[in-house]
Amino acid sequence: MFRNKFILILILVSVILPFASSLVTFYADWLFFVETGFSSVFTTTLTAKLVAGVLSGAVLFVVLLINVLYANRAHFPASGVFMVGGSIRVQREDIAHFVKPLALLATLLLALFAGNWGALRWEEILLFTNRVNVGTVDPIIGKDIGFYLFSLPLLEMLKGFAGFVLLASAALAGAVYFVRGGIILTERGAAVDEKVRRHLAVLVGIFACVIAAGFYLDSFRLLYSNNGAFYGAGYVDVNSRLLTYRVLTFLTPLSGIMLAIGIWKGVWRMALLPPIVVVALYVIGIRVYPGVLQKFKVAPNELALETPYIENNLKFTRFGYDLEKIETVPFDVDTKLSAADIANNDATIKNIRLWDHAPLLKTYSQLQQIRTYYKFFDVDNDRYKVNGQYSQVMLSPRELSYADLPSKNWINERLIFTHGNGITFGPVSRISKEGLPEFFVKDIPAVSLADIKVTRPEIYFGELSNDYVVVKTKVPEFSYPTATGNVNTTYAGKGGVPIDSLLKKALFAAMFKTEKILLSSDITSESRIIYNRNINERIRAIAPFLRFDGDPYMVVDSQGKLKWIVDAYTYSNRLPYSKPLKGGINYMRNSVKTVVDAYDGSVNFYVSDPNDVLVKVYSQIFPGLLKPISAMPDDLRAHVRYPHQFLQVQAAMFAAYHMTDPKVFYNKENLWEIPALGDKPMEPYYTIMKLPGEKVEEYILLLPFTPSKRDNLAAWLTARCDGDNYGKIMAYTFPRDRLIYGPKQIDARINQDSFISQQLSLWNQRGSEVIRGSLLVIPIEKSLLYVQPLFLAADKAGLPELKRVIVAFDDQVVMEENLELALQRLFGGKKTAAVVTGTIPSVTTDSKASPAALAKEAMSLYEKAITLQRQGNWSGYGEELRKLEQVLKRMAK
């Protein structure tokens with residue numbers, strides 16, 4: 001008796017605890033959606049989950065219940081004996097009274113499983129009920145593309161569900177029949193009662209219809225085939241497999257009916273013949289004949305027969321990745337760049353990015369981290385009007401790293417250290433005399449050296465934020481340290497959920513598994529709990545149907561507040577004839593820009609591509625969630641940029657799919673690839689430059705191409721980011737009749753330069769680490785500049801300093817202390833751009849110096865070099881030789 005009660009208690013606890021935990025999570029989620037202003041999104045999603053779950057569970061429960069009850073009503077002559085393998089005998093009456101309750105319990109459990117499975121399919125149901133036509137039909141079956149995007153996923157889901165229901169019904173009914181004597185296992189085999197056969201016949205007939213539906217849907221899946229040379233249905237698919245699937249769709253139900261009749265009557269020859277015919281037709285029509293057709297007809301004439309299908313692949317892949325909008329423009333490159341051209345492109349020169357993300361992140365961390373519990377997680381690239389000049393900048397938020405707090409306890413982590421503080425913000429190309437970056441905004445509290453002001457530096461929502469903090473408590477929040485002590489603050493935003501009742505305290509104590517929220521005397525009725533603080537998790541919780549970019553970036557708005565901008569993508573793996581990415585996605589659009597306030601956590605979603613069919617459907621599903629881009633404040637729109645990860649995807653596809661002629665595509669006559677330095681392909685990079693034919697510099701994203709398995713340049717792809725030109729993509733193609741140096745060739749020429757290689761060797765011999773930055777290709781007028789910064793660090797943990805800049809143009813490669821000097825060596829002329837601050841090497845620059853003065857200076861440099869050589873100071877020795885070279889060149893003029 002006690003044992004039974006204990007078992008009952010365990011069962012109740014095992015059911016109640018997960019239910020209570022789910023209820024706590026559900027209520028916390030509801031409060032979060034209310035806080036962010038998206039309660040309608042929560043209710044829409046919840047309604048869809050409930051409807052899908054209840055319908056799935058109810059359908060399965062009803063079907064299984066009918067089958068189980070029917071099986072329990074039948075009576076069998078051999079019901080008194082329960083036989084297992086002919087050796088174990090059990091009286092059926094001993095277990096008969098358990099059969100019905102156990103079958104009903106199994107039915108209930110399967111119904112709960114089906115309900116949970118159905119609830120997870122809520123998105124397919126909402127997409128189907130809000131489906132729209134795209135206006136483009138597939139070229140083989142003639143269905144609108146909207147059918148594939150919105151209807152086919154639901155139909156496949158229903159087909160799979162129907163098959164599971166029928167198989168579960170057969171299995172459960174079969175188990176009941178077995179226990180009750182309808183199926184008896186003997187030494188000769190299984191003896192099946194007539195009532196069981198007839199029941200089984202009905203299920204088999206219905207299951208045959210489900211299989212027929214599967215064949216019908218498989219005909220649509222042919223349009224996702226991989227034919228090696230291209231994606232989508234090819235000649236063999238259309239002329240063999242498609243016809244076979246259509247025949248199977250018609251024959252399979254007839255075969256099922258004949259099979260059911262044969263089982264019903266017990267005529268096994270009649271029962272087995274139709275399925276054998278269907279299986280034979282499937283093997284011949286789907287496997288054997290297509291192979292023969294491919295080998296003897298298609299392979300010898302592949303281009304001629306597959307041309308129309310290759311055209312389909314070209315058309316739909318270009319549509320799937322929005323490649324149709326890319327405008328191809330010839331770029332007739334020359335080598336006539338002059339000092340005057342450099343001066344006319346001053347804004348471009350000033351904004352050539354010398355600071356690489358990785359070295360700069362390490363430098364920021366050592367110069368501006370201030371305290372060990374602050375951390376720079378990433379460096380973002382953007383553009384601002386700084387002191388009236390359009391400038392490309394590098395910006396990094398100073399977030400709070402909870403893993404590095406000096407004293408870890410609940411009060412410190414949840415009540416006191418609640419937020420990060422401020423940003424570090426500087427130009428992409430300016431360096432100090434020590435080789436360190438310059439700053440526009442730095443330190444805590446923020447010190448601005450330009451007209452960019454940060455008025456609200458606190459970062460409560462970021463990329464490193466922990467799961468929750470409690471603000472507006474009796475304990476002052478830590479704001480920032482000073483020389484005389486710490487400065488405290490109190491949260492004044494609207495973010496978080498008020499903890500204004502005992503119920504909410506208990507709720508969050510249960511959710512975060514700590515009794516301290518419930519018992520702490522520091523929490524008042526004015527306190528607010530802020531959770532979902534990680535911006536990536538926050539926006540995914542609101543819009544799980546979007547795929548978010550892995551590189552959120554922070555901006556400073558016109559009021560000095562900090563905002564995060566995250567690019568979001570709509571996507572599908574259901575576009576016919578489109579080549580898929582590694583994860584199966586074959587349709588993708590950067591349709592949404594997400595803005596998150598770093599202080600109060602408010603979230604806004606703006607539609608940046610209103611022509612995207614998926615974003616149209618999601619706008620119908622969740623009215624009020626997605627706002628038009630015109631609703632975005634102008635100061636934030638000025639910082640919207642084309643996402644480099646999306647351009648990388650488009651570039652990978654465009655490398656092959658810029659070829660629109662099927663013959664050229666098939667033969668891969670003009671295949672491109674993204675150049676690689678080492679094992680890693682180049683990534684798109686932002687810069688400010690004047691595009692060919694334009695009169696004003698603009699912020700763009702740029703990526704070069706090389707011909708496949710070649711190192712020279714073939715083209716460069718650029719995505720425009722500013723104003724009305726946002727989203728326009730241009731592919732500038734180089735002439736194919738001449739050599740245009742590519743990044744790998746320039747890299748090889750740098751390595752082969754005796755002076756540069758000597759300097760690198762000298763630095764490495766002294767134990768320093770030489771870090772070669774990104775090699776950038778910079779189009780100026782009709783010419784190309786190649787720029788690569790060199791960083792020097794004492795060791796792997798040392799502070800990277802920007803020590804040299806390598807610039808290549810035409811057949812010349814030079815290395816100087818900064819970009820200005822390198823350009824002067826290449827093009828001569830006057831000072832080209834104020835790209836550095838600090839001192840310039842102490843080489844006499846008086847162009848009117850007498851030969852005697854120059855000779856004296858040369859001797860002085862030579863003596864210094866010899867002295868440094870004897871001391872083993874090879875770096876200084878190389879530097880003096882470089883200065884001596886400059887003096888000798890001036891003497892030779």
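Calculate the all-directions average of the projected area of segment 366-408's alpha-carbon convex hull, and give it in nm².
Answer in nm², one decimal: 3.7.
With the contact rule set at Cα under 8 Å and sequence spacing of 6 or more, what percent relative contact order holds for segment 124-207?
19
Just want the answer: with Cβ charges of +1 for Lys and Arg and -1 for Asp and Glu, which residue in 136, 672, 514 is farthest toward the dipole's positive end in the chain?
Of 136, 672, 514, it is 514.
By average Cβ neighbour count within 10 Å, what is the ranking of 288-301, 246-259 from highest down?
The peptides rank, most packed first, as 246-259, 288-301.
I want the local charge near residue 525. Using Cβ-Cβ distances under 14 Å, sum +1 for each Lys or Arg and -1 for each Asp or Glu among the other residues.
+2
Using only alpha carbons, build the gyration tensor for segment 117-198 and give me the equivalent ellipsoid semi-axes, biggest first, whole Å.
Here the semi-axes work out to 44, 15, 8 Å.
Summing -39500 (n - 2.57) over the DSSP H runs of n ≥ 4 in the chain and dividing by its residue number, what mean residue ellipticity at 222 nm do you reach, to the nearest 500 deg cm²/dmol?
Calculated at 222 nm, the ellipticity per residue is -13500 deg cm²/dmol.
Heavy-atom accessible area per residue, the chain, 1.4 Å probe: how many Å²?
46
Do you know the relative contact order of segment 416-565, to the nearest whole percent, from alpha carbon pairs under 8 angstrom that are 6+ apart?
Once divided by the residue count of segment 416-565, the mean separation gives 24 percent.
How far, in nm, would the chain grow between residue 280 and residue 888 when pulled straight, counting 0.36 nm per residue and subtracting the alpha carbon separation?
Going from the current span to full extension adds 210.0 nm.
With every protein chain in place, what's the accessible area of residue 888 (1.4 Å probe, Å², nearest 10)?
Estimated to the nearest 10 Å², residue 888 gives 90 Å².
Work through the residues other than residue 604 whose Cβ is under 15 Å from its Cβ and net out their charges, Lys, Arg +1 and Asp, Glu -1.
That sum, taken over residues with Cβ under 15 Å, equals 0.
First measure r as the distance between the Cβ atoms of residue 378 and residue 338, then evaluate 1/(1 + (r/R0)^6) with R0 = 41 Å and state the FRET efficiency to the nearest 0.05.
That gives a FRET efficiency of 0.55.
Give the carbon-plus-sulfur fraction of the accessible surface of the chain in %, rounded to a whole number; probe 1.4 Å, heavy atoms of protein chains only.
Whole-percent figure for carbon plus sulfur exposure: 58.
Along the charge dipole of the chain, Cβ charges K/R +1 and D/E -1, which of 815, 462, 578 sits furthest on the positive end?
Going by the charge dipole, the pick is 578.
When 1/r is averaged over all different Cα pairs and the result inverted, which Kirkwood radius in Å belongs to segment 511-658?
Computed over Cα pairs of segment 511-658, the Kirkwood hydrodynamic radius comes out at 17.5 Å.
In debye, nearest 20, what is the charge dipole magnitude of segment 220-324 about its Cα centre with +1 on Lys and Arg Cβ and -1 on Asp and Glu Cβ, if you could check?
That gives segment 220-324 a dipole magnitude of about 560 debye.
Note down the relative contact order for the chain as a percent, whole number, built from C-alpha pairs under 8 angstrom at least six residues apart.
11
If only Cα atoms are counted, what is the Rg of the chain, and what is its Dmax, in Å?
35.7, 127
What's the long-distance tail for segment 439-493, i.e. % of Cα pairs beyond 13 Å?
Looking at segment 439-493, the distances longer than 13 Å represent 69 percent of pairs.
Considering the dipole of the chain built from charges on the beta carbon (Lys and Arg +1, Asp and Glu -1) around the Cα centre, which of 40, 660, 774 is farthest to its positive end?
40
With charges set only on the Cβ (+1 for Lys and Arg, -1 for Asp and Glu), what does the dipole of segment 622-719 come to about its Cα centre, in debye to the nearest 20?
160
If we sort 381-393, 697-709, 851-863 on the protection proxy, mean other Cβ atoms within 10 Å, highest first, what's the order?
The packing order, highest mean first, is 697-709, 381-393, 851-863.
What FRET efficiency comes out for residue 62 versus residue 581 if R0 is 41 angstrom and r is the Cβ-Cβ distance? Round to the nearest 0.05.
So, using R0 = 41 Å, E works out to roughly 0.50.
How large is log10 I(q)/I(0) at q = 0.10 Å⁻¹ when the Debye formula is applied to the Cα atoms of segment 401-477, each weighted equally and without solvent?
-0.35
Cα convex hull of segment 677-829: mean projected area in nm², to one decimal?
It is 11.0 nm².
Taking the Cα-to-Cβ direction at residue 407 and at residue 246 and moving 7 Å from each Cα, how far apart do the two end points lie in nm?
Computed distance between label sites residue 407 and residue 246 equals 8.0 nm.
Around residue 469, under 12 Å between beta carbons, what's the net of Lys plus Arg minus Asp minus Glu among the other residues?
0
Straight distance only, please: which lysines reach the Cα of residue 350 with their own Cα at less than 16 Å, same-chain residues fewer than 8 apart left out?
385, 690, 830, 831
Given labels modelled 7 Å from the Cα in the Cβ direction, how far is it in nm from residue 273 to residue 652?
Distance between the two pseudo-spin positions: 5.5 nm.
I'd like the Karplus ³J(HN,Hα) series for segment 215-229: coefficients 6.51, -1.76, 1.60, θ = phi - 60°, whole numbers in Hz, and an x wherever there's a Gly or Pro.
Working through the residues one at a time gives 4, 4, 6, 5, 5, 6, 6, 4, 6, 10, 5, 9, 9, x, 6 Hz.
Compute, for the chain, the length of the dipole vector about the Cα centre, with Cβ point charges of +1 (Lys, Arg) and -1 (Asp, Glu) only. Units Debye, rounded to 20.
Magnitude of the dipole: close to 2120 debye.
Label residue 301 and residue 171 with points 7 Å out from Cα along Cα→Cβ: what is the distance between them in nm?
5.0
Taking R0 as 41 Å, what's the FRET efficiency between residue 680 and residue 737 from their Cβ-Cβ distance, rounded to 0.05?
Result of the calculation: an efficiency of 0.85.
The values are calculated or read from the model by the stated rules, or taken from the named source; none is laboratory data. A quick note: this is a predicted structure, and the numbers were derived from the prediction, not measured. When we count neighbours, we look across all protein chains shown, and the Cβ atoms used for this are built from the backbone with ideal geometry, even at glycine. Quick note on the areas: whole protein, heavy atoms, side chains included, nothing else; ligands and nucleic acids left out. Shrake-Rupley method; radii C 1.70, N 1.55, O 1.52, S 1.80 Å.
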